Amino acid sequence: MGTRGWSTAIAALFVLIAAPANAAEAPNLPVQSVQVEIRIGGDGAARVQERYRFTRAVTVGFRYLTGPCSDVVPGSISVKGPAGPIDYARARTGPWVLLTPPTALDGSPEYWVSYNVPSWTRTTNIPVVLPSHVLEAPPGAAMSIVDIQVIFPGGDAGGTVLLPQMQPDTRAGTWSTRMLALPSFVRVRFGSGSRPDECPGPGAGSESGGSSSTPGSSGSLEWSVLGFVVSLVAWVVFYMRWANARQGPSNGAHNS
Amino acid sequence: MTSGGHLTIFLGLVGLYILVVVGIGLWSYRRTSDEAGFLVAGRSLGPIVGGATLMANQVSAGATIGVVGFHYFSGFSFAWTWLLCWVGWLVAALFVAPKMRDLGQVTLPDYFAMRFNSRSAGTISAVLILVAYTFLLSAQFQAGGLLFNLVTGSSYLRAVLLVAGITVLYTALGGMVSNAYVGVLKAVLLLAGYGVAVPFLFYNAGGLHSLGEALHAIDPRLTGFYFSIRQLADMGLILGLSLAAAPYEISAIYSLQSRRATKQAIGYSFVFQGMIGFGILLFGMQMRKIVPFLPNADLATPVLGTNVLPVWVGMLVLLGVVVTFTRTGGAVLLTAASALSHDIYVKLLRPAASEREKVIAARTAVVLVAVIPVVIALGKLDLVNFVVLFSARLIACCFFAAVVIGLNWKRGTPAGALWSMVGGATTYLVWTPLAHPYFLGFDPAEAGLVTSLLLFVGVSLVTKSSPEETLRVFFPADDRTAL
């Protein structure tokens, strides 16, 4: 069973155990197909081209996730419809960069998105510019509507994709997969070339001149998780002390 | 490796799992020569195996898929329901489990019949268990059957029969002993899969700080409180209180070696639950960062297993989902079968049955009881999660008051127990279609529980107690815990 079968299996499993929750607050968009091609140049920088085909004219907002040594060259982002380039406004919220369409936009059944991503480290996250919406496949069609392809330069035979999981294509240096939805990044490891293993620091990795660190609050998630773990451990420790303590004389016929 | 490799590995792992559980069933067969051996493992389970059994009963596909989905759409705060659920287990450890274990009985209806000196109470509770658990079992078969159907390509009929067949086979062979050791296998598989998957996610998707920044920017509630305290209590506390009186957990408690082992087993269950809960929390939140716009939150686990994690790790995580279907199904099936064989057939029709006859009746009941859930599963009654939650909450409204208060309050009477069971269940059934999600300010389970508590206390105060010799068994003269 190939990727299509897995996608159908996943889709039916969620129908089976579906919760009513929907991750996005923006309206769902009916999509026919999404194609993402990540072509990595000899210098390690990536050129990403995306194509979205919707079943009707829609207005789409986009976003992408930045991180240390993981950013999009801002001036390189181009969003086009059938009528030509669309001027998106750019705003940042935490590590996410939001691309908002102009209010006068009528909507389009097709979008082409392209951008450049520099490479700084041997293992790098390539941001994926993705719609800020859930993409829905047409009724009756396969749910897996996202095709992603990563192409390493000819000289980098050892290049691999770490996340999402991809399969090597028949063409050397090419990896591909199909998914139900777009990932926020593709993580690759270069097999050749001299690059540092670790990102130099939170401010590095951006050609925009600004910091590509991830400003904004983490919502104290680290403390919440720590508090949770400490609570669990404390509970178990105190409970087991009580459970292991020697008891008094038995009250029941089968006590021991 | 091509995506077809996913299927090969998955089928290989499932095949290996089937061989192992059948082997456990055959090994257990020899240790189940009498009814106590079959239904309660001869009261031989130690604290660690007992803890794995209690955890395996509780952690179903609702956790490995449903709770991951909850964390995907709501973030961190749902994690607190584990501790709220543990409050219910604490009630069990303090007020229920040790006394239940000491009774040396076999089923929860045994307790009702003994405590309230009432064959009717025992029979009514057995019928309620049979009905509620028939639907609960159908949900497990339906979920597992559809997964196999879609993953392997076989027909849905054959897939349901395969899942039911695995569950029936190891349960009919080894009863509670099989269930206990398959529960250990479940704990090992879940912890192994999560133990590799969590570090992989941290290394490749980032640590807690970057995760928090990504989620907080999407919605601050994801790193704070998405649910109110009351909503968390409704979800966690009521589930925990229902476990204190859940028939399949009571059967597991009867199976433990001693009062001390009972308390320790609950503690080990906390350890297993805590580790699994931590993994589930991180899976859900990391998936929201990695694939932020899934069509439905419950897709988080399947997409994690097939698209995010390395092949072997991903398939191990999905195998864990399969194991939860069949293992929880086994516990539910054994408890429902014991209601039929022990509480109805032996007690009402064949009280003079030999131990061999009782074991044959129990094994036969395992097969018979599985038939109706298979038929229901083939008809696809409703969404699995709805059926599971509905059945669990119904059980809580039926039994919580009569079990927890009955064990600790001398004044509880047979009439009080009967009224509380019937009143609690009726209130829950009537309230459910009216509540969106509350009616008159109450959730259906809250209303059912309050009704059953009030009826138990109110009716008991105006009706006759159980005979003194019965009460002496439950409330010895030197028992300081009795009210």
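Structure notes:
- Those helices (runs of 4 or more DSSP H) lying entirely in the range B:9-112 with at least 2 residues away from chain A (no Cβ under 14 Å), of a type in the set (Val, Ile, Thr) and under 20 Å from the mean Cα position of the chain (by Cα): B:47-58
- Residue match in the range B:243-253 (condition: of a type in the set (Asp, Glu), more than 17 Å from B:Ala79 (Cα to Cα) and touching a residue at least 24 places away in the same chain (Cβ under 8 Å)): yes
- Selection of the range B:347-374 for residues being among the aliphatic types (A, V, I, L, M), surrounded by fewer than 20 Cβ atoms within 10 Å (Cβ to Cβ) and touching a residue at least 40 places away in the same chain (Cβ under 8 Å) yields B:Leu348, B:Val367, B:Ile372.
- For beta carbons closer than 9 Å, sequence separation of 6+ or different chains, a first residue in the range A:171-184 that is under 13 Å from A:Ile38 (Cα atoms) and a second that is hydroxyl-bearing (Ser, Thr, Tyr), the qualifying pairs are A:Trp175/A:Thr160; A:Thr177/A:Thr3; A:Thr177/B:Ser3.
- The set of residues in the range B:361-395 being outside any helix (DSSP H, G or I) and either more than 22 Å from B:Leu162 (Cβ to Cβ) or modelled with pLDDT under 95 (or both) consists of B:Lys380, B:Leu381, B:Asp382, B:Leu383.
- Qualifying residue in the range B:402-416 (condition: in a loop (DSSP other than H, G, I, E, B), of a type in the set (S, T, N, Q) and at negative phi): yes
- Given (1) assigned to a loop (DSSP other than H, G, I, E, B); (2) out of contact with any Gly (no Cβ under 9 Å at 6 or more places or on another chain), index of the condition A:Arg51 fails: (1)
- The range A:177-216: number of residues that are more than 10 Å from chain B (Cβ to nearest Cβ), at pLDDT 70 or above and buried (at least 18 other Cβ atoms within 10 Å of the Cβ): 4
- Within this structure, A:Gly154 fails the test of being surrounded by fewer than 22 Cβ atoms within 10 Å (Cβ to Cβ), modelled with pLDDT of 75 or more and over 26 Å from A:Leu98 (Cα atoms).
- Cross-chain or 6+ apart pairs with Cβ under 6 Å, the range A:217-246 first and at the interface with chain B (Cβ under 7 Å from one of its Cβ atoms) and free of Cβ contacts under 8 Å to residues at least 40 places away in the same chain, then of a type in the set (A, V, I, L, M, F, W, C) and not in a helix (DSSP H, G or I): A:Ser224/B:Phe76
- Residue that is nearest to B:Val49 (Cα to Cα) [pool: residues in the range B:160-176 that are crowded, with 24+ Cβ neighbours inside 10 Å and touching a Phe, Trp or Tyr at 6+ places or on another chain (Cβ under 8 Å)]: B:Met176
- Residues that are more than 18 Å from B:Tyr345 (Cβ to Cβ) and among the hydrophobic types (A, V, I, L, M, F, W, C) within the range B:122-143 comprise B:Ala132, B:Phe135, B:Leu136, B:Leu137, B:Ala139, B:Phe141, B:Ala143, listed in sequence order.
- From the list A:Val150, A:Val113, A:Val134, A:Val117, the lone residue that is within 24 Å of B:Ala197 (Cα to Cα) and among the aliphatic types (A, V, I, L, M) is A:Val150.
- Matching residues, the range A:119-149, being over 14 Å from A:Ala181 (Cβ atoms), in contact with a Gly (Cβ under 7 Å, 6 or more places away or on another chain) and surrounded by fewer than 23 Cβ atoms within 10 Å (Cβ to Cβ): A:Ser119, A:Trp120
- Taking the listed residues B:Tyr194, B:Tyr203, the one that is within 21 Å of B:Val67 (Cβ to Cβ) and among the aromatic types (Phe, Trp, Tyr) is B:Tyr194, with no other qualifying.
- Test: residue in the range B:239-253 that is facing another protein chain (nearest Cβ under 10 Å) and assigned to a loop (DSSP other than H, G, I, E, B): no
- In the range A:124-173, of all residues being of a type in the set (Asp, Glu) and part of a loop (DSSP other than H, G, I, E, B), the one that is farthest from the chain's Cα centre (by Cα) corresponds to A:Asp156.
- Any hit, the range B:212-219, residues being without any contact (Cβ under 8 Å) to a residue 12 or more places away in the chain, within 30 Å of B:Leu201 (Cβ to Cβ) and more than 14 Å from every other protein chain (Cβ to nearest Cβ): no
- Residues of the range A:28-62 that are over 29 Å from A:Gly159 (Cβ atoms) and under 19 Å from the mean Cα position of the chain (by Cα): A:Asn28, A:Leu29, A:Val31, A:Val60, A:Gly61.
- From the list B:Leu454, B:Leu418, the lone residue that is out of contact with any strand residue (DSSP E or B) (no Cβ under 9 Å at 6 or more places or on another chain), crowded, with 18+ Cβ neighbours inside 10 Å and not hydroxyl-bearing (Ser, Thr, Tyr) is B:Leu418.
- For B:Leu294, the conditions (1) assigned to a helix (DSSP H, G or I); (2) crowded, with 24+ Cβ neighbours inside 10 Å are fulfilled apart from (1).
- Residue within the range B:270-278 that is over 30 Å from A:Leu163 (Cα atoms) and part of a helix (DSSP H, G or I) present: yes
- Residues satisfying the stated conditions in the range A:54-111, i.e. β-branched (Val, Ile, Thr) and in a loop (DSSP other than H, G, I, E, B): A:Thr59, A:Val60, A:Thr66, A:Val72, A:Val73, A:Ile77, A:Thr103
- Some residue of the range A:134-143 being within 14 Å of chain B (Cβ to nearest Cβ) and closer than 19 Å to A:Tyr64 by Cβ: yes
- Any hit, the range B:87-108, residues being surrounded by 22 or more Cβ atoms within 10 Å (Cβ to Cβ) and either modelled with pLDDT of 95 or more or touching a strand residue (DSSP E or B) at 6+ places or on another chain (Cβ under 7 Å) (or both): yes
- Failed condition for A:Leu99, given (1) of a type outside the set (Val, Ile, Thr); (2) farther than 17 Å from A:Ala57 by Cβ; (3) within 14 Å of another protein chain (Cβ to nearest Cβ): (3)
- Within the range B:19-39, the set of residues being touching a helix residue (DSSP H, G or I) at 6+ places or on another chain (Cβ under 6 Å) and among the β-branched types (Val, Ile, Thr) comprises B:Val21, B:Ile24, B:Thr32.
- Residue in the range B:120-133 that is facing chain A (nearest Cβ under 9 Å), more than 30 Å from B:Thr301 (Cβ to Cβ) and modelled with pLDDT of 90 or more present: no
The values are calculated or read from the model by the stated rules, or taken from the named source; none is laboratory data. This structure is a prediction, so every number in the text was calculated from the model and none was measured. So basically every Cβ, Gly included, is an ideal-geometry build from the backbone, and we count neighbours across all protein chains shown.
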